[in-house]
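Engineer: After the structure tokens below, expect a handful of questions from me.
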Amino acid sequence: ARENPERVAVLGLSVYRAQLLAVLVGGFLGTLGGVAHLLVVGGATPSLTTSDLTLGLLVMVVLGGAGSRWGAVLGGVLYTYLDNRLLELAGSDAVAGLPAVLRVPLSEPTFVLGALFVVVVFFAPGGLVGLVRRR
């Protein structure tokens, strides 16, 4: 209804009611997600709204592909896997033996994931799902 209120009007529906319903459904789904998170985690703290979480979610969506349900799922799985593997790599002896120019960035998983984010934005704007769709 926001992008094309004329279409809603042509269908014989009230534009105001359609927009109100969209806001209500969005608020309900957001609340449902918050309640599910509360039940799984067992509480809520201010640390839930850190910039790391927000950036992590953004990287997940861009990595997998925005606008696609499976892209977001793939991005979430890939991000979580890489984050865990890069944490292990950061503390490994292989990284400790590298020169400082390579050791410092590789010891920060967030830096490596950020570099991956930039690479995906430049070379695969539709994410990994977009690459598969193009082929």
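The values are calculated or read from the model by the stated rules, or taken from the named source; none is laboratory data. Since we're looking at a predicted model, the values are computed, not measured. Note: ideal-geometry Cβ built from the backbone for every residue, glycine included; neighbour counts use all protein chains shown. Note: areas computed on protein heavy atoms with side chains; ligands, DNA, RNA excluded. Shrake-Rupley method; radii C 1.70, N 1.55, O 1.52, S 1.80 Å.
Engineer: Within the stretch 59-73, is even one residue more than 21 Å from Gly126 (Cβ to Cβ), open to solvent by less than 60 Å² (accessible area, probe 1.4 Å) and among the small types (Gly, Ala, Ser)? Don't jump to the end; show me each part of the working.
Structural biologist: As a first pass, look at the stretch 59-73 and keep what is more than 21 Å from Gly126 (Cβ to Cβ): none.
Looking for residues that are more than 21 Å from Gly126 (Cβ to Cβ), open to solvent by less than 60 Å² (accessible area, probe 1.4 Å) and among the small types (Gly, Ala, Ser), one finds none in the stretch 59-73, hence no.
Engineer: A further question follows. For the stretch 117-130, which residues satisfy the criterion of being without any contact (Cβ under 8 Å) to a residue 60 or more places away in the chain and either open to solvent by 60 Å² or more (accessible area, probe 1.4 Å) or within 17 Å of Trp70 (Cα to Cα) (or both)? Reasoning before the result, please.
Structural biologist: Looking only at the stretch 117-130, we keep the residues that are without any contact (Cβ under 8 Å) to a residue 60 or more places away in the chain, and these are 117-125.
Answer for the stretch 117-130, where residues must be without any contact (Cβ under 8 Å) to a residue 60 or more places away in the chain and either open to solvent by 60 Å² or more (accessible area, probe 1.4 Å) or within 17 Å of Trp70 (Cα to Cα) (or both): Val118, Val119, Val120, Val121, Phe122, Phe123, Ala124, Pro125.
Engineer: Looking at this structure, is Val61 within 30 Å of Pro5 (Cα to Cα) and assigned to a helix (DSSP H, G or I)? Quick ask: steps written out before the conclusion?
Structural biologist: Working: within 30 Å of Pro5 (Cα to Cα): yes; assigned to a helix (DSSP H, G or I): yes.
So Val61 fits the description; yes.
Engineer: Pick from the stretch 98-116 the residues that are open to solvent by 70 Å² or more (accessible area, probe 1.4 Å) and part of a loop (DSSP other than H, G, I, E, B): which of them is nearest to Asp52 (Cα to Cα)?
Structural biologist: Taking the stretch 98-116 as the starting set, the residues that turn out to be open to solvent by 70 Å² or more (accessible area, probe 1.4 Å) are 99, 101-104, 108, 110-111.
Add one more test, that the residue is part of a loop (DSSP other than H, G, I, E, B), and what stays is 99, 108.
Values: Pro99: 28, Glu108: 13 Å.
It comes out as Glu108.
Engineer: State which residue pairs qualify: first residue charged (D, E, K, R) and inside the stretch 93-105, second residue open to solvent by 60 Å² or more (accessible area, probe 1.4 Å) in any location, beta carbons under 9 Å apart, and separation of 6 or more residues or different chains.
Structural biologist: Pairs that qualify, where the first residue is charged (D, E, K, R) and the partner is open to solvent by 60 Å² or more (accessible area, probe 1.4 Å), are Arg103/Ala96; Arg103/Gly97.
Engineer: Oh, and also: Please determine whether any residue of the stretch 66-75 is assigned to a helix (DSSP H, G or I) and polar (S, T, N, Q).
Structural biologist: Within the stretch 66-75 (the criterion being assigned to a helix (DSSP H, G or I) and polar (S, T, N, Q)), the answer is no, since none of the residues qualifies.
Engineer: If you check every pair at least six apart or on different chains, which have Cβ atoms under 6 Å apart with a residue in the stretch 46-57 that is closer than 21 Å to Val118 by Cβ first and a residue that is open to solvent by 80 Å² or more (accessible area, probe 1.4 Å) and part of a helix (DSSP H, G or I) second?
Structural biologist: Qualifying pairs under 6 Å: none.
Engineer: Please name all residue pairs, on different chains or six or more residues apart, with Cβ atoms under 6 Å, provided the first residue is in the stretch 9-34 and is touching a residue at least 40 places away in the same chain (Cβ under 8 Å) and the second residue is of a type in the set (D, E, K, R) and assigned to a loop (DSSP other than H, G, I, E, B).
Structural biologist: Qualifying pairs under 6 Å: none.
Engineer: In addition: Just checking, does the stretch 26-35 include any residue being part of a helix (DSSP H, G or I), open to solvent by less than 100 Å² (accessible area, probe 1.4 Å), at pLDDT below 90 and small (Gly, Ala, Ser)? Steps first, please.
Structural biologist: Narrowing the stretch 26-35 to residues part of a helix (DSSP H, G or I): 26-35.
Still in the running and open to solvent by less than 100 Å² (accessible area, probe 1.4 Å): 26-27, 30-35.
Adding the requirement that they be at pLDDT below 90 leaves 34.
Those still in the list that are small (Gly, Ala, Ser) too: 34.
Within the stretch 26-35, one or more residues are part of a helix (DSSP H, G or I), open to solvent by less than 100 Å² (accessible area, probe 1.4 Å), at pLDDT below 90 and small (Gly, Ala, Ser).
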